[in-house]
There are 2 protein chains.
Amino acid sequence: MIQNSKKMQGVPEPTLRRMPCYLAFAEGLLRKGQQFVSSTQIANYMNIDPTQVTKDLSYTSIVGKTRVGYEVKAIVDVLSDFLGFSVMDSAFLVGAGSLGSALLHDNGLTHFGLNIVAAFDISPITIGRKINDIEVFHIDQFRDLAQELSVVMGIITVPAENAQTVADLMVAWGIKAIWNFTPARIKVPEDIIVQNTSLYSNLAIIFNKLHTEKN
Amino acid sequence: MIQNSKKMQGVPEPTLRRMPCYLAFAEGLLRKGQQFVSSTQIANYMNIDPTQVTKDLSYTSIVGKTRVGYEVKAIVDVLSDFLGFSVMDSAFLVGAGSLGSALLHDNGLTHFGLNIVAAFDISPITIGRKINDIEVFHIDQFRDLAQELSVVMGIITVPAENAQTVADLMVAWGIKAIWNFTPARIKVPEDIIVQNTSLYSNLAIIFNKLHTEKN
DNA sequence: TTTTAATAAAGAATAATTTCCTTATTAATT
DNA sequence: AATTAATAAGGAAATTATTCTTTATTAAAA
Ligand SMILES: NC(=O)c1ccc[n+]([C@@H]2O[C@H](COP(=O)([O-])OP(=O)(O)OC[C@H]3O[C@@H](n4cnc5c(N)ncnc54)[C@H](O)[C@@H]3O)[C@@H](O)[C@H]2O)c1
Ligand SMILES: NC(=O)c1ccc[n+]([C@@H]2O[C@H](COP(=O)([O-])OP(=O)(O)OC[C@H]3O[C@@H](n4cnc5c(N)ncnc54)[C@H](O)[C@@H]3O)[C@@H](O)[C@H]2O)c1
């Protein structure tokens with residue numbers, strides 16, 4: 001099975017991180033009616049090097065026009081496809097607390113291809129409530145329904161000490177990817193995709209810059 | 001002014017991202033009463049290479065004992081100092097909506113050295129409320145108080161289209177660092193530190209793995 | 001029509017990061 | 001007491017990511 005060499009190697013993770021920002025920027029331009037955008041403009045917006053932008057976009061099928069730039073519409077269409085934002089994937093969220101509720105409220109996730117179909121908790125206070133039209137169930141309910149509903153992702157927003165328990169449950173549910181918002185690291189079978197999103201890491205970077213770069 | 005060459009070069013950002021995780025892990029071990037931890041154990045927990053752990057820790061003053069590992073207490077103490085988590089920095093949060101409220105509720109931030117002293121919004125519904133004992137003011141209030149209160153950081157959790165307006169305000173307030181949770185990129189003077197935390201980038205990475213690595 | 005300048009694209013060079021390899025140390029085992 | 005195995009640490013090598021350089025193209029200006 002021979003593939004395009006770029007696909008074989010995979011897209012660099014830093015590139016994947018930047019792409020949603022290009023997309024958001026292009027969507028804004030599209031709304032404003034701008035038809036073309038150059039790598040220079042995008043780079044200026046992102047505070048990065050213009051060649052970085054062209055390199056990143058070269059992983060996709062988007063081609064630019066010399067002296068003009070890229071067609072905004074093409075960036076929007078190709079990039080949302082490329083990033084998997086134009087097909088809707090379903091997710092379960094476990095832990096409908098502060099952060100979990102914020103995610104349930106966020107329509108940005110739907111816009112970027114993620115549809116949270118149900119939430120789970122153990123607290124009687126939250127169970128039964130609807131948050132942004134998404135119902136919160138007791139964690140013991142729906143145990144084998146993930147596969148049936150073709151839910152591919154599990155979102156963990158419980159306290160760190162319960163992250164592993166929840167992860168185990170999600171694996172049992174047949175979920176393929178886990179988005180873990182707790183600072184805890186979870187152990188799962190090799191074929192399960194795990195994305196850790198540790199907000200506190202950002203603090204470390206800010207503090208380091210605050211305390212060293214500046215005087 | 002001659003400095004240690006490691007300090008001159010700066011700590012790599014990936015290292016800074018991993019360090020808070022080492023810290024959280026060590027804190028857990030400390031609570032359980034474990035006295036030593038090896039790079040192998042940490043690496044196993046983090047799903048990374050053990051030499052990565054020793055390299056990362058070598059940026060700090062922590063030294064390990066052959067055949068034993070690192071003292072857990074030392075990791076906790078040195079790392080929280082090193083990351084700037086043991087001195088409290090003050091922040092203003094603007095946009096007390098879903099995500100803003102979650103951050104206001106999160107005591108993890110306090111634990112990692114960030115003290116949100118006040119929140120701002122424009123919606124009459126939220127203004128005047130207290131979230132986790134933090135009062136929400138109208139954005140027009142307190143205009144020059146940031147410096148007086150020595151607030152170094154501004155957190156932006158407003159809708160993307162208002163991010164720039166808020167950023168401009170924060171710069172005028174004399175804030176040194178901005179933690180931007182919107183997908184929009186903001187333009188600020190060079191000496192202002194900006195940390196963009198775009199949750200949607202994580203989606204791009206997960207989807208890419210879901211759609212390519214597997215099968 | 002000719003010239004100029006802005007641009008994409010591809011490849012080379014550089015820089016950053018991770019992984020590998022070697023050595024020395026030492027707790028645990030024999 | 002000698003041996004074994006697990007480890008930290010430092011440097012080398014490999015890998016990955018970014019930046020620089022060159023070339024070709026073309027819209028706009030002269
Ligand atoms: N709130 C934030 O802004 C924020 C920021 C960064 C990281 N985090 C992390 O996100 C996680 C959640 O934080 P939070 O502030 O939302 O906490 P929270 O206490 O508000 O919410 C946790 C929710 O999980 C539920 N829960 C607990 N154990 C459970 C289980 N076994 N199964 C199902 N549900 C369970 C609780 O009932 C609660 O509703 C924590 O790990 C925290 O460190 C939160
Ligand atoms: N909710 C999430 O989980 C989530 C996830 C990822 C990213 N985000 C991003 O975070 C941002 C906020 O999202 P949210 O879901 O909290 O939105 P939200 O609508 O719940 O909250 C936004 C708040 O900002 C206030 N606001 C608007 N303009 C303002 C201004 N000029 N000055 C002060 N306050 C102002 C609004 O009154 C509102 O209270 C968005 O950019 C969103 O894309 C949110």
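Structure summary
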{"quantity": "Counted residues, the stretch B:172-183 - those being at the interface with chain A (Cβ under 7 Å from one of its Cβ atoms) and within 25 Å of residue A:111 (Cα to Cα)", "calculated": "2"}
{"quantity": "Criterion (within 11 Å of chain A (Cβ to nearest Cβ), more than 16 Å from DNA strand C (Cβ to nearest atom) and over 30 Å from residue B:56 (Cβ atoms)) met by exactly one of B:122, B:131, B:127", "calculated": "B:131"}
{"quantity": "Qualifying residue in the stretch A:63-80 (condition: within 14 Å of chain B (Cβ to nearest Cβ), within 29 Å of residue A:153 (Cα to Cα) and either among the aromatic types (Phe, Trp, Tyr) or within 16 Å of DNA strand D (Cβ to nearest atom) (or both))", "calculated": "no"}
{"quantity": "Test: residue in the stretch B:71-78 that is in contact (Cβ under 8 Å) with a residue 24 or more places away in the chain, among the acidic types (Asp, Glu) and not assigned by TED's automatic domain parsing to the domain that holds residue B:188", "calculated": "yes"}
{"quantity": "Residue, nearest to ligand 1 (Cβ to nearest atom), within the stretch A:7-49, restricted to residues that are under 23 Å from residue B:197 (Cα atoms) and of a type in the set (Lys, Arg)", "calculated": "A:17"}
{"quantity": "Filter result for the condition that a residue is in a loop (DSSP other than H, G, I, E, B), in the same structural domain as residue A:170 (by TED's automatic domain parsing) and hydroxyl-bearing (Ser, Thr, Tyr), over A:126, A:110", "calculated": "A:126"}
{"quantity": "Residue list for the stretch A:31-71, restricted to those being more than 22 Å from the chain's Cα centre (by Cα), more than 10 Å from DNA strand C (Cβ to nearest atom) and in a helix (DSSP H, G or I)", "calculated": "A:31, A:32"}
{"quantity": "Criterion (charged (D, E, K, R) and within 22 Å of residue A:211 (Cβ to Cβ)) met by exactly one of B:190, B:135", "calculated": "B:190"}
{"quantity": "Residue selected from the stretch B:135-159 under the condition surrounded by fewer than 19 Cβ atoms within 10 Å (Cβ to Cβ) and closer than 20 Å to residue A:203 by Cβ, by the criterion modelled with the highest pLDDT", "calculated": "B:150"}
{"quantity": "Whichever residue in the stretch A:95-107 is under 14 Å from residue A:179 (Cβ atoms) and in a loop (DSSP other than H, G, I, E, B) and, among such residues, is nearest to ligand 2 (Cβ to nearest atom)", "calculated": "A:106"}
{"quantity": "Residue within the stretch A:11-19 that is within 21 Å of the chain's Cα centre (by Cα), within 16 Å of DNA strand D (Cβ to nearest atom), surrounded by fewer than 16 Cβ atoms within 10 Å (Cβ to Cβ) and on the phi > 0 side of the Ramachandran plot present", "calculated": "no"}
{"quantity": "Flag for residue A:2 being outside any helix (DSSP H, G or I), away from chain B (no Cβ under 14 Å) and at pLDDT 95 or above", "calculated": "no"}
{"quantity": "Search result, residues across the stretch B:105-118 that are within 14 Å of chain A (Cβ to nearest Cβ) and of a type in the set (A, V, I, L, M, F, W, C)", "calculated": "B:109, B:112, B:114, B:116"}
{"quantity": "Count - residues of the stretch A:189-208 that are more than 7 Å from chain B (Cβ to nearest Cβ) and buried (at least 19 other Cβ atoms within 10 Å of the Cβ)", "calculated": "1"}
{"quantity": "Cβ pairs under 7 Å, 6+ apart, first in the stretch A:20-49 and within 11 Å of chain B (Cβ to nearest Cβ) and closer than 15 Å to residue B:187 by Cα, second outside any helix (DSSP H, G or I) and basic (Lys, Arg)", "calculated": "A:21/B:185; A:45/B:185; A:46/B:185; A:47/B:185"}
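The values are calculated or read from the model by the stated rules, or taken from the named source; none is laboratory data. Owing to the predicted nature of the structure, the values given are computational and were not obtained by experimental measurement. Cβ: placed from backbone, ideal geometry, glycine included. Neighbour counts: every protein chain shown.
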